[in-house]
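The block underneath contains the structure these notes are about, expressed in C-alpha cells.
The values are calculated or read from the model by the stated rules, or taken from the named source; none is laboratory data. Just so it is clear, the model here is predicted, and its values are computed rather than measured. Quick reminder, even Gly has a Cβ in these numbers, built from the backbone with ideal geometry, and neighbours come from all protein chains shown. The accessibility values were calculated without ligands, DNA or RNA, using every heavy atom of the protein model including side chains. Shrake-Rupley method; radii C 1.70, N 1.55, O 1.52, S 1.80 Å.
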Amino acid sequence: MADKIELTINGQSVKADKGMTILETALRKGIYIPHLCHHHDLDPVGACRLCLVEIAGKWTKIAISCKTEVQDGMVVRTETPEINEMRQVTLELLIADHDTDCLACEQNTKCALQRVADHVGVNKERLQRLKSREVKAPIDDSNPFFNFDPNRCVLCGICVRTCDELQNVQAIDFANRGLGTKIAGFGDKPRIESNCESCGECIVRCPVGALTEKDYMKPTHQVKTVCSFCGCGCGLILGVRDNRLVSARGDVSSPANKGRLCVKGRFGYKFVNHPDRLTSPLIKRNGEFVKAEWDEALDLVADTFSKNKGEKFAAISSAKTTNEDNYVLQKFARAVMGTNNIDHCARL
Amino acid sequence: MAGLATSLGSGSMTNTISELGGASVILAIGTNTTATHPIVALQVKNAVRNGSKLIVANPKEIELCKFADIFLQHKPGTDVPLLMGMMRVILEEELHDKSFIQSRCEDFDAFEKSLAEFDLDTVEKLTGVPQDKIIKAARIYATQTPASIIYCMGITQHVHGTDNVLATSNLALLTGNIGKPSSGVNPLRGQNNVQGACDVGCLPNVYTGYQAVAIPEIKNKFESAWGVALSDTPGLTHTKIFDACYEGSISTLYLVGENPVLSEADASHATEAMKKVDFMVVQDIFMTETAELADVVLPAVTFAEEDGTFTNTERRVQRVRKAIDPVGDAKPDWWIACELAKRLNGKGFEFSGPEEIMEEISSLTPAYKGISYARLEKGSLQWPCPTTDHPGTPFLHAEKFGTDSGKGKFKPLTYRKPGEETDGEFPLILTTDRSLYHFHSTMTRRVYGLNVLAKEELLNIHPEDASGLGVENGQMVKVVSRRGEVAVKVKVTDICPLGTVSMTFHFAETPTNLLTCCELDPVAKTPGTKVCAVRVEGL
Ligand code: SF4
Ligand code: SF4
C-alpha cells in the first residue's frame, strides 16, 4: 500500500497509493467528480456512470473513475465538454423520474443528487420532454422506524450493497428491469416482510432522500457517548433538541463499532423521554404510592436502613448504570451498611 | 466468570472485538450472536467473508449458522462432552501445541486422564452430534491459527456453567490459541456494563478489581482508604439473597435498576421472597413490575442524563456523557447513594461528581490505575491499564497468565447431567433465548417501533413436536414446568431440534422465568435457565 503513484488530475500533480481509484484520489485531493453510487465503505460498481473522466497519455479513453485504478504517469481530466454532455444526459434521465419537492425532503441541502445537478447543470427543455411518469409510486412505510420513497430513489444500489457487503443480511435487491426497476425486499414485498433487521445502516448511506427516518427532527446539538443496551459498547452520538433526544448515530471514531449500530442502538434511545419515566420519589402508604420530596424519601430510607445494618441488609446494583454509580453503591453497602451482601443483576 | 478466573487468571474477554475479524477460525458456542451482540456478529461475518472458518455449536439453528462451515447441533446441556470430544480428537491426532502446553500451562496430566470417559461413541450418544462432524470441527479448530472462541449465556447459564467455561479454556490452552492477537477465549458480556459493575466491586466476594474481601491485606487497604472497619465475610450472591429474603434472614433490600419479577430464574420464588422482606427500596427509571412491590421507589436517571463510564465486554472503559438534563426530579444513582450515606453518617461520600469517583476507583484498583477522565477524553482505554502512560491492553496473557503461578491451568472435567431432566410428565426441554429487538424488557418495551418488530412472546417448536401435540402456528398454548405455567403463542420452526422448545423473556405478559429453574451452578451461582423440563398443552 505504501507504494506511491504520481499522476496528473486537471493539470495538478497528485500522489496516490497503489490500488486507489481515480475517484478516491480526486476526492481526497478535494477535486469533485460527480458521483452517486460510490461509497467509501463499499466496493465500486460503476452503476451511475456520472463519474466519467478522460484519461490521456497511452491510455486515452473515457473511463469510469470509481472503477479505474491510478497508474504512474496518468493524465486525467475530470471536466471536458464531451464528458459534461454525457453526464447531463444521464442526470436528466434520473431527474425525469425524481420527485422535485426538495424543500419537503429531509436530505435537502445534504443531497448528493442536488450536488450533481448543481455541478453538471440541466437542460430544462430536454427535461420537460423526458418527464413521462406522473403517477407516483407508493411509499413503503411498513417499517416502524424508516420509510422508503421510490420516487426519490436514484437506484445507486448503495442500500443494497450496504445490506449485503456490510451487514451480510441481503434483505433488499433490485427488482424488475428497465424503467420498472426498483429496490425492494425479496419477491417485491414490503420491507417489514423481508428479513431486514432494521439496523438503519442503509438509511445512513442513502445519498438522497429515498430512505429516511420516520419523525425525523434535526438536532440542535450532539453529544458523544456510549450505547446503553448490550456489552458491545458501541460509540453513539446522540442528537438533542429542546432537552429531548431526537436522533442517534454511530460514532466512527469508536474502536468498538467504528460507526456501526444495531437497531437497538440506533432507535432504542426513545425510551429515555417516554412518558412513563419516574419523575419523583414515591412512598407507599396504605398500599398506594404517594409522591414525596427527595428529603422526605431519603430520610425515611436512611432511617429504616440505620436499624437494619449488617447481614440483614442486601443491595443489588445494576449492570446498566455507570461504573461510578456501581462503585458508590458497593462502597455504601460495605462501608455504611457493614455487609458484603452486594451483587449485580446479571451473572455474565 | 468464575471459570476463566481460575484457569486463566481473568474472567474477561481475552481479546478485542475487532480482533475477531483477523481470526482464521472462530468457534461460536452457546451464543446467538446476531441477536445478543450484533456488532460482534458483524465482525464474525466479516471474518467469514475474508475467508476464515466458522464453527457454530448451538442447540438451535441460529442465524449465524448461515455463515458456518460446520454446525454442531448438540443437545442442551452437553457442552462439556462436545468440547471434550473435540479435544480427544486433537490429542489422538497429535494436533495439540506441545511446546505451549509445556512452557505455559500446568495440570495437563490430570486433564488428559479425564478425557478417558469421552470416547466419540459416548460423545455422540450424549450430544446427538455425529462423530465425523466432531472430528472435522476439531481438525479445523486445531489446524487454523489464530483461533478464537466466543461464548455467551448458552455456556454460563447452566447448572454446570463453570465446567462449560473450563472446557473452552482447556481447548484454547491445548492448541496454544491464547495470549496472541485474534487468539483466545471470549465470554460476551450481556448487558452494557456488566463488566464494569464487576470491575468496580459489585460482587459479594471482591472489592474493585477482583480484590478478595477475605484477604487481610486487601481488607486493610480498603479500611484505611475508606476510614471504616469492614467485614471479611463474603456476602451472598444475587440468587442467595433472594433465598435469604424468602427465609427471613434478610429484612431490608435495596434494588437498583433491576427487575427480578421478570428477569430472575424461577421468578415466582423471587417475587415471593421480595414480598417477604420488611422494607424494600427500588431505584429505577420506570415503574417496573418489581418496583410495584417496593415500599419506596426512587427515580434514577438514564445513561443520557449523567456523566460517567461504562466498561464494555472487551474491557474497554469509555466515557458516557450527559446529553440532556434529568427527566423530572430523577437523580443519578451515585448521588442517591451518597445522600443516603451522609444521612447514615458515612464517611467518604462527599464526591463532587463522577470524575472524583473515578479518581478513587483508580487509586484502589491496579487494573484501572492509569485510567482518568483526562485520558478518556482522548479515547477509550482497555484495562489492565496500570500506569498513567500505559496504552491499555487489547489482548490478555501475552507472556504469562493471571493465575498465582502465572501458568494456564488445565482442568479435568467429567460429564454431569443437566440439573433438570425430562420425564413422562415434562417431556420437552425449554431453553431461553433473546431477541435482537429487545433487551430484557424495561427499556425496549417502551420503544414503540421495537414492539412492532417483535410484539409478543413466541414458543419456538419443531414441526414434528407440534404435530405430535396437535398444535399449529399462531395457536395459544400453555407451557408448564415443575415451577409454573404461562400461556404463549406457538411458532412452528425447525430452528429448534426435536424435543427442544425455546422462548425469550422480554414480555411481562408472558413471564417465561416463572418456568425456569433456579438451581445454581455450584461455583458461579448462576441459575440454569438454559435447561428446564416442560410440557406443552393446547388451550
Ligand atoms: S435496515 Fe439494515 S438490514 Fe434492513 S435493509 Fe437496511 S441495511 Fe439491510
Ligand atoms: S448499538 Fe446494538 S450492538 Fe451496539 S452496544 Fe448498542 S445494543 Fe449493542
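Would you check if there is a residue in segment B:28-39 being away from ligand 1 (no atom under 16 Å from the Cβ), open to solvent by 10 Å² or more (accessible area, probe 1.4 Å) and either more than 13 Å from chain A (Cβ to nearest Cβ) or basic (Lys, Arg) (or both)? No.
For segment B:371-402, a residue qualifies if it is touching a Leu at 6+ places or on another chain (Cβ under 7 Å) and outside the structural domain of B:Lys322 (by TED's automatic domain parsing), and the qualifying residues are B:Gly392, B:His397, B:Phe401, B:Gly402. Can you find a residue in segment B:311-319 that is in the same structural domain as B:Ser363 (by TED's automatic domain parsing), charged (D, E, K, R), more than 29 Å from B:Ile361 (Cα to Cα) and not in a helix (DSSP H, G or I)? The answer is no, given that none of the residues of segment B:311-319 is in the same structural domain as B:Ser363 (by TED's automatic domain parsing), charged (D, E, K, R), more than 29 Å from B:Ile361 (Cα to Cα) and not in a helix (DSSP H, G or I). Within segment A:13-28, the set of residues being under 19 Å from A:Lys61 (Cα atoms) and in contact with a Lys or Arg (Cβ under 7 Å, 6 or more places away or on another chain) comprises A:Thr21 only.
Restricting A:Glu85, A:Glu79 to residues that are surrounded by fewer than 18 Cβ atoms within 10 Å (Cβ to Cβ), under 30 Å from A:Arg129 (Cβ atoms) and in contact (Cβ under 8 Å) with a residue 24 or more places away in the chain narrows the list to A:Glu79. Counting only residues that are away from chain B (no Cβ under 13 Å), under 10 Å from A:Ala171 (Cα atoms) and either near ligand 1 (Cβ under 6 Å from one of its atoms) or open to solvent by 10 Å² or more (accessible area, probe 1.4 Å) (or both), segment A:185-202 holds 1 of them.
Pairs linking a residue in segment A:191-204 that is away from ligand 2 (no atom under 16 Å from the Cβ) to a residue that is open to solvent by 70 Å² or more (accessible area, probe 1.4 Å), with Cβ atoms under 7 Å and 6 or more positions apart or on different chains, are A:Ser194/A:Phe186. Among the residues of this structure, B:Lys125 does not count as one that is open to solvent by 40 Å² or more (accessible area, probe 1.4 Å), basic (Lys, Arg) and in contact with a strand residue (DSSP E or B) (Cβ under 9 Å, 6 or more places away or on another chain).
Which ones in segment A:162-183 are assigned to a helix (DSSP H, G or I), away from every other protein chain (no Cβ under 13 Å) and either within 25 Å of A:Gly259 (Cα to Cα) or hydrophobic (A, V, I, L, M, F, W, C) (or both)? Break it down stepwise before answering.
The initial filter retains those residues of segment A:162-183 that are assigned to a helix (DSSP H, G or I), namely A:162-166, A:178-180.
Those still in the list that are away from every other protein chain (no Cβ under 13 Å) too: A:178-180.
Across segment A:162-183, the qualifying residue is only A:Leu179.
Kindly indicate whether A:Ser254 is among the hydroxyl-bearing types (Ser, Thr, Tyr) and more than 39 Å from the chain's Cα centre (by Cα). Judged against the criteria, A:Ser254 is not a match.
Do we find a residue being outside the structural domain of B:Ser52 (by TED's automatic domain parsing), surrounded by fewer than 24 Cβ atoms within 10 Å (Cβ to Cβ) and modelled with pLDDT under 90 anywhere in segment B:219-226? No, there is no match, as no residue in segment B:219-226 is outside the structural domain of B:Ser52 (by TED's automatic domain parsing), surrounded by fewer than 24 Cβ atoms within 10 Å (Cβ to Cβ) and modelled with pLDDT under 90. Would you be able to say whether some residue in segment B:328-345 is facing chain A (nearest Cβ under 7 Å), free of Cβ contacts under 8 Å to residues at least 12 places away in the same chain and open to solvent by 20 Å² or more (accessible area, probe 1.4 Å)? Checked against the condition, which is being facing chain A (nearest Cβ under 7 Å), free of Cβ contacts under 8 Å to residues at least 12 places away in the same chain and open to solvent by 20 Å² or more (accessible area, probe 1.4 Å), segment B:328-345 yields at least one hit.
If you go through segment B:130-153 and pick out every residue that is in contact (Cβ under 8 Å) with a residue 60 or more places away in the chain and closer than 18 Å to B:Val25 by Cβ, you end up with 14. Among residues of segment B:268-280 that are more than 18 Å from B:Leu514 (Cβ to Cβ), those with a Cβ under 8 angstrom from a residue that is surrounded by 21 or more Cβ atoms within 10 Å (Cβ to Cβ) and polar (S, T, N, Q), sequence gap 6+ or separate chain, pair up as B:Val277/B:Thr252; B:Asp278/B:Thr252; B:Phe279/B:Thr252; B:Met280/B:Thr252. Within segment B:178-219, the residues that satisfy the criterion of being charged (D, E, K, R) and within 22 Å of the chain's Cα centre (by Cα) are B:Arg189, B:Asp199.
Counting only strands (runs of 3 or more DSSP E) wholly contained in segment A:210-289, the ones carrying 2 or more residues that are more than 10 Å from chain B (Cβ to nearest Cβ) and either within 16 Å of ligand 2 (Cβ to nearest atom) or surrounded by 23 or more Cβ atoms within 10 Å (Cβ to Cβ) (or both) occupy A:211-213, A:244-250. For A:Asp118, indicate whether it is part of a helix (DSSP H, G or I) and open to solvent by 80 Å² or more (accessible area, probe 1.4 Å). Yes. Out of segment B:259-289, which residues are part of a helix (DSSP H, G or I) and surrounded by fewer than 24 Cβ atoms within 10 Å (Cβ to Cβ)? Result: B:Val261, B:Ser263, B:Ser268, B:His269, B:Thr271, B:Glu272, B:Ala273, B:Met274, B:Lys275, B:Lys276.
Residue-by-condition table, conditions (1) within 16 Å of ligand 2 (Cβ to nearest atom); (2) of a type in the set (Lys, Arg); (3) modelled with pLDDT under 90:
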position	(1), (2), (3)
B:Pro38	yes, no, no
B:Lys45	yes, yes, no
B:Lys53	no, yes, no
B:Leu64	yes, no, no
B:Gln73	no, no, no
B:Glu94	no, no, no
B:Glu106	no, no, yes
B:Lys113	no, yes, no
B:Lys125	no, yes, no
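When you look at A:Leu7, is it within 27 Å of the chain's Cα centre (by Cα) and modelled with pLDDT under 95, yes or no?
For A:Leu7, the condition - within 27 Å of the chain's Cα centre (by Cα) and modelled with pLDDT under 95 - is not met.
Suppose we filter A:Asn123, A:Asn151 for residues that are in contact (Cβ under 8 Å) with a residue 12 or more places away in the chain, away from ligand 2 (no atom under 16 Å from the Cβ) and open to solvent by less than 30 Å² (accessible area, probe 1.4 Å); which single one remains?
Going through A:Asn123, A:Asn151 in turn, the sole match is A:Asn151.
For segment B:291-310, the set of residues classified as more than 7 Å from every other protein chain (Cβ to nearest Cβ), surrounded by fewer than 24 Cβ atoms within 10 Å (Cβ to Cβ) and part of a loop (DSSP other than H, G, I, E, B) consists of B:Asp307 only. Report whether or not B:Pro511 is under 30 Å from B:Val129 (Cβ atoms) and modelled with pLDDT under 90. Here the answer is no, as B:Pro511 does not meet what is asked.
Evaluating B:Glu61 against the criteria (1) more than 22 Å from B:Asn192 (Cβ to Cβ); (2) more than 14 Å from chain A (Cβ to nearest Cβ); (3) buried (at least 20 other Cβ atoms within 10 Å of the Cβ) leaves one unmet condition, (3).
B:Glu420 satisfies every condition listed in (1) away from chain A (no Cβ under 14 Å); (2) in a loop (DSSP other than H, G, I, E, B); (3) surrounded by fewer than 17 Cβ atoms within 10 Å (Cβ to Cβ) except (3). Look through segment B:387-417, keep the residues that are among the hydrophobic types (A, V, I, L, M, F, W, C) and open to solvent by less than 30 Å² (accessible area, probe 1.4 Å), and return whichever of them is modelled with the lowest pLDDT. Residue satisfying both the conditions and the ranking: B:Phe401. Looking at the structure I just gave you, is A:Asp303 under 30 Å from B:Arg321 (Cβ atoms), over 43 Å from the mean Cα position of the chain (by Cα) and more than 7 Å from chain B (Cβ to nearest Cβ)? In short, no.
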